[in-house]
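Here is the structure we will look at.
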Amino acid sequence: MNTQDKGLIQLNQKPLIQYVIEAIENEVSNILINANRNQEIYQKFVKNPVIKDNTTDFQGPLAGLAKAMEIVTTPYILMLPCDCPMIGTALLTTLKDQLIEQNAQICVAHDGERLQPTFALLKTNLLESLLTYLAAGDRKISLWYHQHQLSIADLSQYQDFFLNLNTPQDYALLTKKISVENVPILGFSAFGGTEKTTLIIQLITYLKQKNIRLAYLKHNHHNFEINHQGKESYEYYHAGADQVLTSSRNKFSPINRCKKQELGLFDLLNQLNLVQLDLVLIEGFKKENFPKIELQRKALNHPNIFENDDNIIAFASDEIFTKCDRVPLDINNIEQIGDFILAYIAQP
């Protein structure tokens with residue numbers, strides 16, 4: 001990348017390493033960064049001291065892994081590269097489950113075409129073996145892996161996890177891939193009383209069980225407050241702050257002031273971290289054109305929305321409705337609706 005430090009390259013105004021950290025920070029107990037330059041900058045991303053290789057001659061990823069193994073106190077260590085911003089939580093889950101199931105010492109990812117040696121879960125008691133291997137002058141990761149009880153995890157269904165940036169051309173392709181046009185969006189149209197909120201909560205639960213990374217975007221017709229009067233963030237915003245960011249250990253919430261007018265749907269989509277999303281579920285924005293599922297319950301006797309909205313692609317109801325050319329779904333069958341959404345996501 002023309003001598004640039006890849007972990008610090010900005011993608012959508014965020015350094016690549018931050019994408020990786022955000023993907024795993026709630027899945028692991030500690031995070032270490034191994035960097036041989038720009039340590040002061042990297043230190044801003046983690047609490048633990050940034051570590052350097054023990055040797056001055058660059059020995060590749062194994063040297064960094066060895067240094068990390070010397071420091072950690074956990075029985076396992078997860079190794080990830082800094083330049084793969086599409087990593088998701090399913091990676092660690094798959095590696096962990098297979099390592100335990102096969103009673104292995106190392107579990108490494110396979111993308112369906114080749115081994116991905118820098119995506120690995122290892123036992124930290126392998127340190128002595130690794131140091132001996134490096135002292136002998138060896139560098140090849142896969143060769144050292146095969147000296148131990150090795151499990152290879154099939155992650156071919158998550159090929160985007162392994163998209164990395166090695167060249168400016170890679171950067172351009174990935175930027176195009178994660179643009180808003182390539183993230184599936186799907187909305188819900190319904191009248192009051194259809195139990196839409198309950199249904200969406202159940203759908204989110206079902207889709208997360210299928211390892212779908214999703215966001216939920218809702219439009220309110222009226223003004224709303226994230227925090228209420230008396231809270232510091234409320235007072236700061238109403239005192240005139242243009243941006244307020246409130247955070248805790250497990251979450252954070254930004255509040256941005258609209259400068260001129262209300263943002264439209266696609267402006268708001270660009271505020272999301274699209275690089276780590278498989279789907280955006282949307283509620284509201286009736287005047288915007290995007291695919292939607294209509295929700296109807298017979299007892300409410302509401303008019304059919306699809307008759308005047310070509311954006312409706314499926315009709316979920318508790319009755320058999322034959323005069324509808326949209327995909328019929330059972331509004332009480334969350335699994336059926338969820339599987340429809342999974343098929344929708346899988347479309348080109």
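The values are calculated or read from the model by the stated rules, or taken from the named source; none is laboratory data. Not measured: the values here are computed from a predicted model. Here the Cβ is made from the backbone with ideal geometry for all residues, glycine too, and neighbour counts use every protein chain on show. Areas reflect the complete protein model, heavy atoms only, side chains present, ligands, DNA and RNA absent. Shrake-Rupley method; radii C 1.70, N 1.55, O 1.52, S 1.80 Å.
A compact table of results
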quantity: Condition check for Tyr344: of a type in the set (Ser, Thr, Tyr) and open to solvent by less than 60 Å² (accessible area, probe 1.4 Å); calculated: yes
quantity: Hits in the range 79-91 - residues which are assigned to a helix (DSSP H, G or I) and either crowded, with 20+ Cβ neighbours inside 10 Å or of a type in the set (S, T, N, Q) (or both); calculated: Leu91
quantity: Residues that are outside any loop (DSSP other than H, G, I, E, B) and among the aliphatic types (A, V, I, L, M), drawn from the range 21-45; calculated: Ile21, Ala23, Ile24, Ile41
quantity: Sole exception among (1) out of contact with any helix residue (DSSP H, G or I) (no Cβ under 7 Å at 6 or more places or on another chain); (2) open to solvent by 20 Å² or more (accessible area, probe 1.4 Å); (3) of a type outside the set (Phe, Trp, Tyr) for Gly64, by number; calculated: (2)
quantity: Per-region count, the range 300-320, residues in contact with an Asp or Glu (Cβ under 9 Å, 6 or more places away or on another chain) and either open to solvent by less than 20 Å² (accessible area, probe 1.4 Å) or free of Cβ contacts under 8 Å to residues at least 12 places away in the same chain (or both); calculated: 6
quantity: Residues within the range 239-249 that are open to solvent by 100 Å² or more (accessible area, probe 1.4 Å) and either over 24 Å from Asn26 (Cβ atoms) or touching a residue at least 12 places away in the same chain (Cβ under 8 Å) (or both), tallied; calculated: 1
quantity: Test set (1) closer than 29 Å to Leu274 by Cα; (2) not in a loop (DSSP other than H, G, I, E, B) - Met69 fails condition number; calculated: (1)
quantity: Strands (runs of 3 or more DSSP E) (entirely within the range 228-327) containing at least 1 residues that are within 19 Å of Tyr344 (Cβ to Cβ) and polar (S, T, N, Q); calculated: 312-317
quantity: Within the range 1-27, considering residues that are among the charged types (D, E, K, R) and over 17 Å from Phe161 (Cα atoms), the one farthest from the chain's Cα centre (by Cα); calculated: Asp5
quantity: Residue in the range 308-317 that is at pLDDT 90 or above and more than 30 Å from Gln157 (Cβ to Cβ) present; calculated: yes
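Yes/no per residue for (1) open to solvent by 10 Å² or more (accessible area, probe 1.4 Å); (2) assigned to a strand (DSSP E or B); (3) touching a residue at least 40 places away in the same chain (Cβ under 8 Å):
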| site | (1), (2), (3) |
| --- | --- |
| Gln4 | yes, no, no |
| Asn12 | yes, no, yes |
| Lys47 | yes, no, no |
| Ile77 | yes, yes, yes |
| Asp97 | yes, no, no |
| Thr118 | yes, yes, yes |
